[in-house]
Amino acid sequence: MTDLADRVPLAQQPPKPGSGRVFFGSPVNSAVSVTCLLLIGYVFWHVLDWGVMNAVWTDAGGPEACHASSGACWAIINARWRLILFGLYPFDEHWRSGLACVVVVLTAILSCLPVFWQTVRLATLWVCGFAIFYILMRGGMLGLASVPEEKWGGLSLTVFIFASGVLVGMPVAIGLALLRRSTLPVISRTTGAFIDAVRSLPLVSILFTAAVIFPFVLPPGFQGEKLYRVIVGFALFFAVYQAEIIRGGIQSIPVGQDEAAKALGLSYWQRVRMIILPQAFRYALPPTINQIVTTFKETSLVVIVGFFEIMASGNAAYGTGEWTFAYVEVYAFIAMIYFAFVFTLSRYGAYLERVMRVGQQ
């Protein structure tokens, strides 16, 4: 039998995705497409002219060379890259901060390999990674000079806050999701009220409370360093949002699977460990990746409570001396750093979705 699409005139058939008829199938589509292409080419050419062709790349001529040029002043990056990447960390010890950042990034990369997707291996990997990071950054042992947390800054501090917040917040999120689905109304409603209360607060207020308010309400000896209080607040904020994502993944599991597991005699924790959580994380993978990406970008808010992370370091790079005019270049450089991390996270999430066939029948 002849297919119905074969009997429809070609001009009346809807354009196939990716074909030229989508963009040039009619005079209106052609005009819009040509206009958009000209606009994109115009913007691209001006960005190329400003950022590459007429740009000043070295600081040999100082700020005067940038003033004499009509292009970007990348010389500020050449002159202030240490301040941007390492913040207030002692100049002679910058190698420690850079190496510590590499350790955390390498630990994250290794944890993405399937060979480490076991609880014991993954926990051991991150415990060792954080131990090496702390020894390098804090010092006071192995012949390394002691550097207090108040002098930590730059990219290494941003990566540390992000990794700590996610690693501490993920187990808390799992616990909150399971508690909210408890069959006991007191537990489920109390947990739900707690999650909704924290979600209703902006992250800035939670960070401010952890950094400034807690020292006045906690007894002496339980206050801890401001950095770790902020990490706890950051992890709590991540946990309440991630708990709702995991709860949505649990609700996507057919009820019959849990009933079948009960019929086989599996205990509650066996069902959670072997049936519920693996499938919940599979269903919740896309929003989980989105939440992790958002969390990395939200690390810039810690500047409000006095930490010299990479955004604050960038502000200091152009805010002092004779480089005050080159703020666009500094923000562009920081944006490229954020883009590198966020794009890598999103691409890895897309890879996991393809491997696990999330969303496919």
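Descriptive notes on the structure:
- Restricting the calculation to Cα atoms, the chain shows an Rg/Rh of 1.06 when the hydrodynamic-style radius is the Kirkwood one.
- Net lengthening on full extension, L184/S26 (0.36 nm per residue, minus Cα-Cα): 50.6 nm
- For the chain, C36, C101, C112, C128 stand unpaired, since no other cysteine beta carbon lies under 4.7 Å from theirs.
- Net charge over other residues, Cβ less than 12 angstrom from the Cβ of R138 (K, R count +1; D, E count -1): -2
- The sum of -39500 (n - 2.57) across all DSSP H runs of n ≥ 4, divided by the residue count of the chain, sets its helix-only mean residue ellipticity at 222 nm to -21000 deg cm²/dmol.
- Test item: Cα-centred dipole of the chain, Lys/Arg +1 and Asp/Glu -1 on Cβ, debye: 1320
- Across the chain, the mean sequence separation of Cα contacts (distance under 8 Å, 6 or more residues apart), normalised by length, yields a relative contact order of 18 percent.
- Other residues with beta-carbon under 15 Å from the beta-carbon of A340 carry, at +1 per Lys or Arg and -1 per Asp or Glu, a net charge of +2.
- Counted as membrane-span-like here are DSSP H helices of the chain whose alpha-carbon atoms extend 24 Å or more along the helix's own axis and whose Kyte-Doolittle mean is -1.0 or above; these are 27-48, 94-111, 119-138, 154-180, 226-251, 327-356.
- log₁₀ of I(q)/I(0) at q = 0.14, 0.22 Å⁻¹ - segment 179-241, Debye sum with one point per alpha carbon: -0.49, -0.88
- Segment S111-H94, extension gain: residue separation times 0.36 nm, minus the distance between their alpha carbons: 3.5 nm
- Taking the Kirkwood radius as Rh and the Cα radius of gyration as Rg, segment 92-146 has a ratio of Rg/Rh equal to 1.07.
- Taking amide H as placed 1.01 Å from N in the peptide plane, G153 has its amide H under 5 Å from the amide H of L88, Y89, each at least 5 places away in sequence or on another chain.
- Residue exposure sequence - W74, W269 - by fewest surrounding Cβ within 10 Å: W269, W74
- Along principal axes, Cα extents of segment 169-281, largest first, whole Å: 53, 27, 26
Bear in mind that the values in this text are calculations on the coordinates, not laboratory data. Because the structure is predicted, anything quoted here is derived from the model rather than measured. Don't worry about glycine lacking a Cβ; one is built from the backbone with ideal geometry, like all the others, and counts go over all protein chains shown.
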